[in-house]
Structure formats: structure tokens, C-alpha cells
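The numbers here are math on the coordinates, done by the rules we state, and not lab data. These numbers come from a predicted model, not from an experiment. Here the Cβ positions follow ideal geometry from the backbone for every residue, glycine too, while neighbour counts run over all protein chains shown.
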Amino acid sequence: MASLDRVKVLVLGDSGVGKSSLVHLLCQNQVLGNPSWTVGCSVDVRVHDYKEGTPEEKTYYIELWDVGGSVGSASSVKSTRAVFYNSVNGIILVHDLTNKKSSQNLYRWSLEALNRDLVPTGVLVTNGDYDREQFADNQIPLLVIGTKLDQIHETKRHEVLTRTAFLAEDFNAEEINLVIEKRYFLRDGNQIPGFPDRKRFGGGTLKSLHYD
Amino acid sequence: MSFLIDSSIMITSQILFFGFGWLFFMRQLFKDYEVRQYVVQVIFSVTFAFSCTMFELIIFEILGVLNSSSRYFHWKMNLCVILLILVFMVPFYIGYFIVSNIRLWILSIEQLISRVGVIGVTLMALLSGFGAVNCPYTYMSYFLRNVTDTDILALERRLLQTMDMIISKKKRMAMTRRTMFQKGEVHNKPSGFWGMIKSVTTSAPGSENLTLIQQEVDALEELSRQLFLETTDLYATKERIEYSKTFKGKYFNFLGYFFSIYCVWKIFMATINIVFDRVGKTDPVTRGIEITVNYLGIQFDVKFWSQHISFILVGIIIVTSIRGLLITLTKFFYAISSSKSSNVIVLLLAQIMGMYFVSSVLLIRMSMPLEYRTIITEVLGELQFNFYHRWFDVIFLVSALSSILFLYLAHKQAPEKHMAP
């Protein structure tokens with residue numbers, strides 16, 4: 001077990017977008033029954049077989065660090081959160097498809113996480129405005145996930161999805177739109193319909209972004 | 001004719017206040033949320049507009065602007081509308097939004113309160129009591145604990161170590177689950193008769209291990225949350241220490257000493273009022289003028305100055321209480337709301353704001369000279385003002401003393417928490 005390498009992935013986003021549910025779904029293969037407000041940071045681990053089926057197969061532990069809070073928090077909270085941003089291998093940005101502001105806040109989240117290494121004093125010098133230059137030399141892979149797709153009415157889905165496609169392009173990131181829904185919960189978590197497909201796609205994207 | 005002009009002035013100012021409330025809601029309060037239900041924003045702005053109109057009418061009373069009969073009419077109308085909103089509309093909408101989100105909200109709807117004044121005055125007295133004590137405590141740097149960078153680094157290291165321990169335990173659990181799954185011991189509830197028999201005779205050692213580790217992980221997660229909150233506290237204290245070294249900080253420190261004397265004076269006066277069953281008959285303005293005329297022998301035009309000084313004093317009280325209330329509301333709102341409950345909370349805040357302003361008007365009456373009090377007395381009718389002042393004094397005293405006790409305990413407890421390794 002000690003020989004397995006460590007992969008640290010941050011899960012960032014506004015309060016209530018569904019980060020804890022997402023992490024629980026990925027790691028426990030079950031839907032989270034009673035989501036509650038995350039204080040500080042909660043971590044979960046997923047065992048993943050890199051390049052499954054090939055001779056180079058290797059098993060990794062993916063640590064998903066689900067950091068709670070909002071971008072508008074007090075600077076003391078931001079300084080404390082900065083402690084979790086060390087040596088990150090990937091960032092998952094989660095936003096709520098029913099809430100436009102959560103998508104806009106993703107810029108500020110990514111700046112907060114990425115600037116951690118650039119400004120050692122821990123003070124954010126930007127005011128959060130989007131600047132593509134700042135992402136140009138970014139080596140850390142980003143993944144944008146939109147949640148609660150089922151809560152959007154059928155007719156509005158196309159408009160919402162085009163908007164989020166632009167968002168993902170701005171970050172130079174891959175995009176997935178998810179439904180994390182209680183109706184899919186069955187007694188045996190391994191039999192969630194359609195879930196194996198999503199798992200493979202999610203795993204696949206992480207694989208392609210994993211530079212070795 | 002003059003009535004029409006007066007009414008159009010009042011309506012214009014009401015529209016202005018409405019616009020300000022609308023902007024405040026959009027830019028400050030709801031800046032992180034999506035406004036889906038516009039009725040909430042309208043209600044909030046309307047409540048704010050009519051509350052501000054009441055203050056405006058007091059100012060007009062003092063300055064003698066507008067016709068007195070049209071002032072009286074607008075007072076009555078304003079009061080009608082605001083009571084309608086506070087007693088019927090806001091509670092109705094609170095009920096409506098709670099019922100549509102009932103599974104998330106444990107709080108039950110309070111019964112309709114007929115005497116809005118009592119609640120509002122209690123609230124004001126509580127806030128004043130706490131504010132009077134907390135203000136010097138926050139401003140003065142005497143109470144700041146000494147926090148060094150090494151303290152913060154030590155706590156951060158502990159936090160990261162705890163996270164690492166949680167991770168290693170979760171890795172074990174994930175690996176155990178995977179091997180169990182691969183060996184065919186699927187972790188699910190036994191179904192059917194034969195499954196039940198099987199579960200009695202065989203036991204899965206893997207799953208017992210898992211529950212033990214899960215309990216350890218739960219304890220560690222609780223610890224990590226505690227450490228996170230403590231680190232946040234230390235960072236906040238460090239910032240305050242740095243702030244106190246600036247000019248602004250020194251200025252506030254000085255103000256803090258001044259306010260602590262004022263606070264002690266107020267507590268003393270409240271006690272005297274209760275013990276000797278005394279209700280102040282004259283307001284500070286007239287008393288101040290009396291003192292200057294009688295003891296210092298300075299003669300000046302009492303009528304002219306009393307009007308201007310009342311205007312300034314009442315104006316300051318109104319502006320600071322509105323500003324203080326909006327700031328407190330914003331802080332409170334950020335702290336307790338989430339995207340689901342934001343509607344209910346904003347309506348609750350509108351309710352509180354309305355009640356707070358109505359009782360401010362009640363109590364402001366005491367700060368004004370006699371000739372300006374008549375309209376409030378006439379309009380609010382048979383309310384017993386003395387009761388409200390006595391009630392305010394009692395609650396203020398209770399609140400101030402408990403705040404002192406609370407802050408003392410919190411201050412004593414905090415240093416011991418951080419010193420423990």
C-alpha cells in the first residue's frame with residue numbers, strides 16, 4: 001500500500017453547489033443521504049487504476065480535498081484555507097447550473113487556489129477580475145463540473161449548457177455536466193443505473209490530464 | 001393645494017428610499033445569490049422605504065417643513081401601511097416560503113404578534129446592551145491576546161498532520177473495501193430468508209474492521225474542524241493586532257476608552273432609573289440648554305438653538321442606527337444564509353428591521369423637546385410610553401451585564417485553548 005503514489009485534487013466551489021455530494025459519489029459509489037455544511041476541509045479517497053488493462057497499469061489513490069466556504073469569506077478564513085492548497089496535482093471546480101453567480105465565482109476560486117504559490121505572503125493582490133493571461137502558464141489541470149442539471153427545465157437546458165461551455169473554454173479545462181440526484185439511490189450502491197458510464201468518463205478525463 | 005405639493009414631496013422621497021433599499025438588496029445583501037422571487041426584493045425595499053419615511057417625518061416635524069395637517073395625514077397613512085406589512089404581509093410570505101421549503105427548515109413560524117412595540121423595544125435594548133459592552137471591548141487593544149507567527153505555524157502543522165492521518169485511514173478503508181469486493185464479499189444487506197440465515201452463521205471480519213476505522217475517522221474529522229476554526233481565530237487576532245498599530249487603530253483605541261466610560265454611565269443611569277422608579281421627563285437637549293443658561297450664564301435664543309440641536313441630535317441617532325442596523329443585518333445574513341434559505345432569512349430581516357424602526361420612533365420621542373413630541377403621541381395614541389422606557393432600561397441592563405459576563409468568560413477561556421499542545 002505504501003508504494004502507491006499520491007495524487008491530490010482540490011474540489012472548489014461555492015457553498016451549496018454539491019461538492020460534498022460529488023466527492024461522496026465518486027469515492028463511496030453511493031449518493032450522500034444527508035448533505036450538511038462543510039466546515040474547513042473534508043477529504044475522501046478513491047482507488048483508481050491508471051491505464052487499466054494495459055501492461056503499464058498502476059493503482060493510484062486519488063485524494064479529493066473538499067474545501068468549504070465562500071470566496072467572500074474574511075481574510076483570516078482565506079489564510080487558513082491557503083494551507084490546503086500546497087502541492088496540488090489537479091483542481092475540480094464545481095458550480096451550480098441553476099445559479100449563475102456560482103459560475104462567476106469560479107474565477108475567483110481558481111485564482112485563490114493558483115496564486116497560493118505565486119504570492120508567498122498569502123495576500124491576494126488581484127481583485128478577482130478574469131484575466132486569461134493568468135491561466136496561460138498554468139500547469140495544473142482543471143476540470144469544471146456543473147451540477148443539478150435535472151433541476152433546469154428541459155427548454156432552458158441548451159442555453160445553460162452553451163453558457164457553461166464558454167466557461168470551460170476560458171479556463172482551458174474539460175467539462176462535465178452532472179446529475180447528482182436522490183432518485184438514483186438504490187439499496188445496493190453498485191447498481192446505480194448509468195453510473196458506470198460516468199465513472200469511466202470521469203476516470204478517463206483524469207487519466208488524460210495526468211502528466212507522469 | 002398645499003396638500004398636493006406636500007404629498008408629491010412625500011411620494012418622491014418614498015420612491016427615493018425604495019430605490020436605495022432595492023440597490024442595497026441587490027448589491028450588498030443578495031450579491032452572491034440569484035434573485036428568483038422578485039416579491040422578496042419588493043417587500044424588503046417597501047419596508048425599508050416606509051421605515052425611512054417615518055424618520056423623515058420626524059425631521060420635518062422639527063424643521064417645520066410642510067403643512068401640519070398634511071404631515072398628520074402622512075403619519076397616519078405611513079403607520080397604517082407599515083403595520084399592515086409587518087403584521088400581515090411579511091409573516092404571510094415567510095410562511096409561504098417556509099412551507100415550500102419545509103423539509104429544510106426546523107424553525108416553526110411564531111404566532112402573529114400584535115404588540116410589535118414590545119418585541120422591537122426588547123430587540124433594541126438587547127442590541128444596545130450588547131453593543132455598549134462589545135464596542136469598547138473590540139476597540140481597545142488592551143484586550144488583544146498576543147499571537148505570534150510560530151503559534152499559527154504550529155497549529156497549521158497540527159491541522160495538516162490530522163488531515164494526513166484521516167487520509168491514511170481512508171486509504172486503508174478503500175483498499176479493504178476493494179479487496180472485499182474482489183473476493184466476492186459484497187457489502188450489502190442480506191435479502192431473503194436464506195440470506196438472513198447466512199448472515200447469522202458467518203461474519204465478515206472486513207466489515208467489522210471498517211466500522212472501527214470509520215469511528216476513528218469521525219473523531220479525527222471533528223478534530224480537524226476544531227483546528228481549522230482555531231487557526232481562523234488566530235489569523236483574525238493577528239490582523240487585529242496589526243491594525244491596532246496603525247493610526248486608525250490608535251484612534252479607535254482612544255474611542256474605546258471614551259465609550260467604556262459612556263457605557264458605565266449608561267448602566268449606572270439604567271440602574272438608578274429602575275431602583276428609584278424614575279422616568280426622565282426632559283430630553284437631553286432642553287436639559288443641556290437649561291444647564292448652560294442657568295449655570296454658565298450664557299444667554300442665547302433658546303427656541304432657535306433647540307430646534308437646530310434637536311435636528312442634529314436626532315439626525316445623528318437616526319443615521320447611526322440605520323447604518324448600524326444595515327451593517328449588522330448584512331453580517332448576520334452572510335453568516336447564516338445559504339442559497340436555499342436566503343428568501344426566508346431576508347424576509348425575517350425585513351421584519352426585524354421594521355420592528356426595530358418602529359420602536360426607534362417610540363424611543364426617539366424621549367430625545368426630543370416637548371413641542372416636537374406631540375405628533376408621535378397623537379399618532380401612536382394610547383400606548384404607554386413610560387412602560388416602554390422602563391422596559392428598555394430593564395432589558396438594557398440585563399443585556400449589558402450578561403454581555404460583560406459572557407465576554408469575560410470567553411476572554412479567560414481562549415488563551416488556555418491555544419497553549420495546549
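Going from the fewest other Cβ atoms within 10 Å to the most, the residues B:MET140, B:MET163 appear in the order B:MET140, B:MET163. Listed by Cβ neighbour count within 10 Å, with the fewest neighbours leading, A:ILE91, B:ILE62, B:ILE261 appear as B:ILE261, B:ILE62, A:ILE91. The overall shape of segment B:1-79 is prolate: from the C-alpha gyration tensor, with semi-axes ordered a ≥ b ≥ c, the ratio a/c is 1.5 or greater and a/b exceeds b/c.
For segment A:28-87, what class follows from the C-alpha gyration tensor (a ≥ b ≥ c being the square roots of its eigenvalues): rounded when a/c is under 1.5, otherwise prolate if a/b is larger than b/c, else oblate? Verdict is oblate for segment A:28-87.
Taken along the Cα-to-beta-carbon direction at a fixed 7 Å, the label points for A:LYS58 and A:TRP37 span 4.2 nm. Two numbers describe the Cα atoms of segment B:222-262: Rg and Dmax, which are 14.8, 42 Å. Among A:100-110, B:26-36, sorting by the average number of other beta carbon atoms lying within 10 angstrom of each residue, highest first, gives A:100-110, B:26-36. By the beta-carbon count within 10 Å of each Cβ, the least crowded to most crowded order of B:PHE20, B:PHE392, fewest first, is B:PHE20, B:PHE392. Taking a 19 Å limit on the Cα-Cα distance, which of the listed pairs A:LYS100/A:LYS156; A:LYS78/B:LYS238; A:LYS148/B:LYS170 fall beyond it? Listed pairs above 19 Å: A:LYS148/B:LYS170. Which shape class applies to segment A:1-100: rounded if a/c is under 1.5, otherwise prolate when a/b exceeds b/c and oblate if not, where a ≥ b ≥ c are the square roots of the Cα gyration tensor eigenvalues? Prolate, because a/c is 1.5 or more and a/b exceeds b/c. Each of B:VAL118 and B:TYR262 was given a label point 7 Å from its Cα along the Cα-to-Cβ line. The distance between the two points is 3.1 nm. Projected label points at B:ILE291 and B:TYR96, each 7 Å from Cα along the beta carbon direction, are separated by 5.2 nanometres. Between B:SER2 and B:VAL319, full extension at 0.36 nm per residue minus the direct alpha carbon distance yields a gain of 111.2 nm. Among the chymotrypsin sites (Phe, Trp or Tyr not before Pro) within segment A:1-97, which fall in a DSSP loop and have no more than 16 other Cβ atoms within 10 Å of their own Cβ? The qualifying sites are A:TRP37.
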